[in-house]
Amino acid sequence: MNWSVFEGLLSGVNKYSTAFGRIWLSLVFIFRLLVYVVAAERVWSDDHKDFDCNTRQPGCTNVCYDHFFPVSHIRLWALQLILVTCPSLLVIMHVAYREAKAQQHRAARGESYRSRFPYPGKKRGGLWWTYLFSLVVKAGVDVVFLYIFYRFYRNYTLPRLVKCQLPPCPNIVDCFISRPTEKTIFTVFMVVTTCICIVLSLVEAAYLIGKRCRERCRAGNGESHQHSHDCAEPAMGGQVFHGVGYKAPAASISSASIPSASIPSASIPSASIPTTSIPTDSIPTTSIPTTLPEQEKTPS
């Protein structure tokens, strides 16, 4: 294994990960990869050689071993570690793609070009979805391999004695597994670390989703506050909008503070009242005589 290349990959993954991602990476590197390379591989090195059956029938031992160990623990763990670390490489490749694209645009448009993502490693846009997808894939891979181990090795334990009656065995044959207790301990240890990695991946995914939702809520509250502030500003000759639940303050106004000139007097113009003029010549006059007529005079 080229450890310099592996160290470069680990540093790249650690650079673009969150705090939960760094814990997950440390757990995978120390408690899974190193345990696999240093200890587990040696424990299972003599697995097939020390699998003994109490028969000399040719082929019986191989058939029984293949039945009880369809896939070796070591090979399953190697495949699991490869598949569980591949999604993290997607994040590194996405960041490298952003950097290369920014350099191309900068070379074509000059130094005045401003990239959409000034910090390529910041989880925004498509990189956020790539990172979330990698977390889901990592958790899914670990869950699938836990199920495979459970199906092949019930309760993740290895018995000391197994009975086999598959052909070409002549009858029921007793077979013995080498170092079953040590193998069971390593198996349980790897299962526990795998479960912790699954929990960390799910917690990190929930953290990313919660952080994005919180940013969306803050952005929405900021826009609504700005909108209400704009509505509260009076326009030219307009009125101030105080909202539905606004109550005007009660203020007492003294009569002395109101100038008399400000109150218009109700003056009724005289020209507005029509006058009726009666002509004098239209009224008949009656003259009363001062002297009585002669026939009416009394004789003396």
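The values are calculated or read from the model by the stated rules, or taken from the named source; none is laboratory data. Everything numeric here is computed off the predicted structure, so don't read it as measured data. Positions of Cβ are backbone-derived with ideal geometry, glycine not excepted, and every protein chain shown enters the neighbour counts. These area figures cover heavy atoms from the full protein model, side chains too; ligands, DNA and RNA do not enter into them. Shrake-Rupley method; radii C 1.70, N 1.55, O 1.52, S 1.80 Å.
Brief remarks follow.
Rundown of residues vs (1) open to solvent by 70 Å² or more (accessible area, probe 1.4 Å); (2) out of contact with any Phe, Trp or Tyr (no Cβ under 7 Å at 6 or more places or on another chain); (3) at pLDDT 90 or above, yes/no style:
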residue: Asn155; (1), (2), (3): yes, yes, no
residue: Ile177; (1), (2), (3): no, no, no
residue: Thr193; (1), (2), (3): no, no, yes
residue: Leu200; (1), (2), (3): no, no, yes
residue: Asn221; (1), (2), (3): yes, yes, no
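- Region 42-54 - residue that is open to solvent by 30 Å² or more (accessible area, probe 1.4 Å) and modelled with pLDDT of 85 or more and, of those, farthest from Trp24 (Cα to Cα): Asn54
- The set of residues from region 158-173 being more than 53 Å from the chain's Cα centre (by Cα) and in a loop (DSSP other than H, G, I, E, B) comprises Gln165, Leu166, Pro167, Pro168, Cys169, Pro170, Asn171, Ile172.
- Annotation note: Cβ proximity below 7 Å between a residue of region 66-87 that is within 26 Å of Val199 (Cα to Cα) and open to solvent by less than 10 Å² (accessible area, probe 1.4 Å) and a residue that is of a type in the set (Asp, Glu) and assigned to a helix (DSSP H, G or I) (sequence gap 6+ or interchain) occurs for Val84/Asp142.
- Qualifying residue in region 205-215 (condition: of a type in the set (Phe, Trp, Tyr), farther than 22 Å from Trp129 by Cβ and surrounded by 12 or more Cβ atoms within 10 Å (Cβ to Cβ)): no
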